[in-house]
Amino acid sequence: MAHQSHPFVSVIVPVFNDAKRLKICLDALEHQTYPKHLYEVIVVDNGSDKNEDIEGVVAQFGQAIASYESIPGSYAARNKG
C-alpha cells in the first residue's frame, strides 16, 4: 500500500470582538492530530474593539499568525486570509 501524505492546510479564522472564543478555537486546533508542520492558522481580526486582545491571544499559539481586515464582514475577513 502506498504511503498517503497529508497536504499543507491553511485554516482561516475570522474574528470580531471575541477573544475568549478565539482562544478556545485556537486551543482546539492546537490539539488536533494533524501534523503541526503541515498546517497554518491565519486569524483575521475584522475590526475588533481595542479592548479585545486578539493579537495577544494569537501570540500564545505557535501555529497562528495575525492579520487585520478593515472592511467589515466575514467574507472580507476570509478573503484576506
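Here, each number is a calculation from the coordinates, and none is a lab measurement. Fair warning: this is a prediction, and the values are worked out from it, not measured in the lab. Every residue, glycine among them, receives a Cβ derived from its backbone with ideal geometry; neighbour counts consider all protein chains shown.
At full extension, R78 and I65 could sit 3.3 nm farther apart than now, given 0.36 nm per residue minus the alpha carbon distance. In the chain, the DSSP-assigned H stretches of four residues or longer account for a calculated mean residue ellipticity at 222 nm of -8500 deg cm²/dmol, using -39500 (n - 2.57) per stretch and the full residue count as denominator.
Computed extension length for H6-K50: 12.0 nm, one decimal, from 0.36 nm per residue of separation with the Cα-Cα distance subtracted.
Angle of helix 19-30 to the longest C-alpha principal axis of the chain, folded into 0 to 90 degrees and rounded to 10: 10°.
Pick out, in residue order, every one of the chymotrypsin sites (Phe, Trp or Tyr not before Pro) in the chain that is DSSP loop and has at most 13 other C-beta atoms within 10 Å; say none if there are none. Here the chymotrypsin sites (Phe, Trp or Tyr not before Pro) that fit, given the DSSP loop and packing criteria, are F8. Here Cα Rg over 2.2 N^0.38 Å was calculated from the structure, and among [x] 1.00; [y] 1.13; [z] 1.19 it sits at label [z].
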